[in-house]
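**Q** My questions all concern the structure below.
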Amino acid sequence: MRATIIHGPGDIRVEDVPEPKIAAPTDAVIRTVATCVCGSDLWSYRGINPVPEPQPIGHEYVGIVEEVGSDVSTVKPGQFVIGSFIASDNTCANCRAGYQTNCRHRDFPNGCQAEYVRIPLADGTLVATPEQPAEALIPDLLALSDVMGTGWYAARAAEARPGATAVVVGDGAVGLSGVIAAKEQGAERIIAMSRHASRQKLALEFGATDIVTERGEEGVARVKELTNGIGADSVLECVGTQESMHQALLSTRPGGNVGFVGMPHDVQIDGQQLFFSHVGLRGGPAPVRAYLPDLVERVLSGRINPGKVFDLTLSLDEAAEGYKAMDERRAIKALLRP
Ligand SMILES: [Zn+2]
């Protein structure tokens, strides 16, 4: 089968590799219908996360179940499924508490930018749609595998709620999904921080009420200006840099909350400043699995269209161009069709 392999920084190749097989009785093998490039894949592509040897890449997928192990009972061959980027049993104490990404038996589906992929803990990880979805809904469902669920968690962690003011730091696919989430969770005023015209347009379409183009101190000042000088109730940090975290913490009102889902790279937090700010801080890899049933329903009913974050569709063989376009910020997010 064809699969995307990262050989090193900037070096993405699509190669012939053996098809995955059922390795444990709890596995499923799915035939990928669509997959995509994640902003977090770019950490490896840019050489920030080391790639010591060539390895398969990709963790977002929707597909048709091809084969299941003998212990799998909730999905069966032929069904269309979506799953989280971290496999979970969905039954342990951490899963039951709503933190499936910290499942005590978690596993990592990798190499999803391929024609077939093996998904561990299939019963706990995969959610089947009631029937084969319409072609037009595939990008929306694919977005649930990571970015939309991650934006959802950011808004939950930031305690977005009816009447609240929310700020979204980051205009990538997760940030834009965060705008959808803040709106669906009831935030009244949603301030999106973005400098890119096409991303601003999508943020407004998704429910943003204000756009802030300034960054740093000026960005904080602009948010304060829009929030009666106090700061926002809920801030979604969707980047993971020192600058974006700083932006998020300083844009939050005393007693407000920051939900951070950008994977932190060299982020330092000043404990004393946090102490005196009264800002609540919660983040981590989003428990996407917890939200899948609800988000699938919102997509199938046409209530949300997170698939609009895919502004580039390529064949799997063109994966390298997808990485390049996202790296150069020519594309928000690249969808790959095997
Ligand atoms: Zn678990």
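The values are calculated or read from the model by the stated rules, or taken from the named source; none is laboratory data. Please read these numbers as outputs of a predicted model, since none were measured by experiment. Don't worry about glycine lacking a Cβ; one is built from the backbone with ideal geometry, like all the others, and counts go over all protein chains shown. For accessibility, only protein heavy atoms count, side chains too; no ligands or nucleic acids. Shrake-Rupley method; radii C 1.70, N 1.55, O 1.52, S 1.80 Å.
**Q** Across the stretch 195-208, which residue is least open to solvent (accessible area, probe 1.4 Å) among those that are in contact with a helix residue (DSSP H, G or I) (Cβ under 6 Å, 6 or more places away or on another chain) and in a helix (DSSP H, G or I)?
**A** If we take residues in the stretch 195-208 being in contact with a helix residue (DSSP H, G or I) (Cβ under 6 Å, 6 or more places away or on another chain) and in a helix (DSSP H, G or I), then 203 is least open to solvent (accessible area, probe 1.4 Å).
**Q** Here is a further query. So which pairs qualify, if the first residue must be in the stretch 90-102 and at pLDDT 95 or above, the second must be among the hydroxyl-bearing types (Ser, Thr, Tyr), the Cβ gap must be under 8 Å, and the two must be at least 6 apart or on different chains?
**A** Listed by first residue and then by second, the contacts come to 90/125; 95/88; 100/84; 100/88; 101/84; 101/88.
**Q** Does residue 228 satisfy the condition of being of a type in the set (S, T, N, Q) and under 30 Å from residue 89 (Cα atoms)?
**A** No; evaluated as a whole, the condition is false for this residue.
**Q** So in the stretch 73-88, with the set limited to residues that are among the hydrophobic types (A, V, I, L, M, F, W, C) and within 16 Å of the ligand (Cβ to nearest atom), which one is farthest from residue 102 (Cα to Cα)?
**A** Once the filter is applied, the top-ranked residue is 85.
**Q** Filter the stretch 60-72 down to the residues that are open to solvent by 50 Å² or more (accessible area, probe 1.4 Å) and either assigned to a loop (DSSP other than H, G, I, E, B) or near the ligand (Cβ under 9 Å from one of its atoms) (or both) and list them by number.
**A** Hits for the stretch 60-72 are 70, 71.
**Q** Given the criteria more than 28 Å from residue 58 (Cβ to Cβ) and assigned to a loop (DSSP other than H, G, I, E, B), does residue 219 qualify?
**A** no
**Q** Out of the helices (runs of 4 or more DSSP H) lying entirely within the stretch 90-194, which hold 3 or more residues that are β-branched (Val, Ile, Thr) and buried (at least 24 other Cβ atoms within 10 Å of the Cβ)?
**A** Correct list: 173-184.
**Q** In addition: Filtering the stretch 2-22 down to residues that are over 23 Å from the mean Cα position of the chain (by Cα) and closer than 21 Å to residue 80 by Cα, which residue is least open to solvent (accessible area, probe 1.4 Å)?
**A** 20
**Q** Which residue out of 32, 26 is surrounded by 22 or more Cβ atoms within 10 Å (Cβ to Cβ), β-branched (Val, Ile, Thr) and assigned to a loop (DSSP other than H, G, I, E, B)?
**A** Step by step, each of 32, 26 is checked, and only 26 is surrounded by 22 or more Cβ atoms within 10 Å (Cβ to Cβ), β-branched (Val, Ile, Thr) and assigned to a loop (DSSP other than H, G, I, E, B).
**Q** Scan the stretch 73-86 and report the pairs whose first residue is farther than 24 Å from residue 153 by Cα and whose second residue is outside any loop (DSSP other than H, G, I, E, B) and charged (D, E, K, R), with Cβ atoms within less than 6 Å and a gap of 6+ or a chain change.
**A** Short answer, once both residue conditions are applied: 74/123.
**Q** Could you tell me whether any residue of the stretch 28-50 is at pLDDT below 95, more than 28 Å from residue 157 (Cβ to Cβ) and away from the ligand (no atom under 16 Å from the Cβ)?
**A** yes
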